[in-house]
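The values are calculated or read from the model by the stated rules, or taken from the named source; none is laboratory data. The model shown is predicted, which means the values in this text are computed figures rather than measured ones. Ideal geometry is used to build each Cβ from the backbone, glycine not excepted, and the neighbour counts take in all protein chains shown. Just so you know, the surface numbers come from the protein's heavy atoms only, side chains and all, with ligands and any DNA or RNA stripped out. Shrake-Rupley method; radii C 1.70, N 1.55, O 1.52, S 1.80 Å.
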Amino acid sequence: MRLLTHNMLSCNIKGVSNGFPLRLEAEKWVEKEVELNADFLRGIFPKIEWKALAGAARAIGYDQLPDEADASMLDSDDFLRRFHHALLELHVEEGALVCPETGRRFPINKGIPNMLLHEDEV
Amino acid sequence: MGVFTFVCRSSGADWSAKQLTGDLEASASSTYELQRKLVQAALAADSSGGVTSSFSMVSPCSAVFQKETEARKNRVMPRPEIQAPPEIFYNEAEARKYTTSSRIIEIQAKISERALELLALPNDGVPRLLLDIGCGSGLSGETLSENGHHWIGYDISQSMLDVAREREAEGDLLLADMGQGLGLRPGVIDGAISISAVQWLCYADKSFHEPRMRLKAFFGSLYRCLARGARAVLQLYAENMYQSEMIMTYAMRAGFAGGVVVDWPHSSKARKAYLVLTCGPPSMQTSLPKGKGEDGEMCSDDDESGDDESQTVGIYDRNRPRKKLKVNKKGKGKEWVLKKKEQMRRRGHDVPPDTKYTARKRKARF
């Protein structure tokens, strides 16, 4: 799972009003190089919750992202590269996602988060 | 499948037979007559389809007769939806098919290409973030990746997702149930496709499943997570009218505009229905594209060109002009005869040897 997906996911349990961001507990992660596409990054930037991205990146040991970001920074190549690396090149392999409200853990196995809910959570 | 075994004995001129495990019996004056009677007796007990039988003598006055009735193979492809829930139906063996069967791979690729076309993303070369609902082994996702898009795949079957991982699917995979809602932030997704998955929602596989609630949860969450104006293209195999109506109703209730595009409506095999939904109120942009093959054009399995231009010129076999027979005054010639003879020899036919007379030229006056 990439941080791009983590940034889009929120907790789906019935009655949870504030299910975003899921806290990332990473045990194992890998880096896979992907070609940088500036157009995609500019397009996706307004949809990214920056705080959640920076927090998740820090959870897997990448602290090159600034705490705050705005659209003007997209002109800087250096920023784009860091943004790209955090968003698309870091893959969480093992770990868990934790709902901020209920504390429910969604385990991540072999890079695939298990988001299946129990009967009483639907 | 029923297997009937009989022990046959002769006493003087008459033969009698008794079933080894059971109480079918017959007697006759000859072994031929006996076999006929036994087959009839067995067919009366189990008449499911074809019959194979064998009669073997053990000693001059005793024999064993065995007969099998084979259940006829189900010609109609059974719907997987009525066999088992998806997470159980798509087990390792079923998932394996999606890596080994080139036919499945080709069909999936074709459908997903068409779905991507119906998605009508702006043609500016910018990659988008798409959803693949019921991504399975990532075959449809592959098409998305080939077109440069990033995607998030949902599936409920762990085995299928394992295969997707093996195939190195480039999108992110989630083990989730679409009937529980997608669980995404609002307005972040640029489009969604789903290949042969949504009809699963119409089946209640667990005691607490309520198809209507699951459809509502699915379409509700899909509507929320899509950006305004984004499209969702869902290819589905509805079992009957009620199902497609129910699916459509819940899509409309969630706020989607759109309808069903049917490709190849006249073909029972190639017919594919796509639910094309647009997020937001109806407008010019939400008008439905036309299905392929609606005006009676033919679909063929070998149209690899795939573009609309070449497909509209298809014509019915009936109207196709006969191929002109090649008439050659000189005849076929020696080379052709030798080639044909060689061909027949290879097939194991008895062919006369080649001699100096083979296909020799006749004199003109002949």
Report summary line: Long-range amide H partners of A:Ser10, meaning residues 5 or more apart or on another chain whose placed amide H is closer than 5 Å, are B:Leu184, B:Arg185
Query raised in the report: Roughly how much accessible area, to the nearest 100 Å², goes out of reach of solvent when A and B pair up, both sides summed, probe 1.4 Å?
Result: 2600
Requested in this report: When a/c is below 1.5 the answer is rounded, else prolate if a/b is larger than b/c, else oblate, so apply that to segment B:82-318 with a ≥ b ≥ c taken from the square roots of the Cα gyration tensor eigenvalues.
Outcome: rounded
Query - Shielding by other protein chains, A:43-51, mean Cβ within 10 Å - result: 3
Report summary line: Mean separation of Cα contacts under 8 Å (at least 6 apart) over the residue count of chain A, i.e. the relative contact order in percent, is 38
Query raised in the report: Nearest-5 percent of antiparallel DSSP beta bridges in segment B:82-318?
Result: 45
Query raised in the report: Given the convex hull of the Cα atoms of chain A, what is a quarter of its surface area in nm²?
Result: 7.6
Report summary line: For peptide B:176-182, the mean count of other chain Cβ atoms within 10 Å per residue Cβ is 5
Requested in this report: State whether segment A:31-76 is rounded, prolate or oblate according to the following rule on the C-alpha gyration tensor (a ≥ b ≥ c being the square roots of its eigenvalues): a/c under 1.5 gives rounded; otherwise a/b larger than b/c gives prolate, and the remaining case gives oblate.
Outcome: oblate
Report summary line: Note, segment B:176-193: 3J(HN,Hα) by Karplus (6.51, -1.76, 1.60, θ = phi - 60°), whole Hz, Gly/Pro = x, goes 7, 10, 5, x, 9, x, 8, x, 10, 5, x, x, 9, 9, 8, x, 9, 10
Query - Translational D in µm²/s for the protein assembly as shown (Stokes-Einstein at 37 °C, 0.692 mPa s, Kirkwood Rh from C-alpha pairs) - result: 118
Report task. Please list the non-local residues whose amide H lies under 5 Å from the amide H of B:Leu20, H modeled 1.01 Å from N, same-chain partners needing a gap of 5 or more. Result -> B:Thr5, B:Phe6, B:Val7
Report summary line: Given the candidates B:Ile189, B:Pro85, B:Tyr237, the one whose Cα lies deepest towards the positive end of the charge dipole of the protein assembly as shown, counting +1 at each Lys or Arg C-beta and -1 at each Asp or Glu C-beta, is B:Tyr237
Report summary line: GluC sites (Glu not before Pro) in segment B:156-247 lying in a DSSP loop, each with at most 10 other Cβ atoms within 10 Å of its Cβ, come to B:Glu168
**Report entry** Cα-centre dipole for the protein assembly as shown with unit charges at Cβ (Lys and Arg positive, Asp and Glu negative), debye to 20
**Finding:** 4320
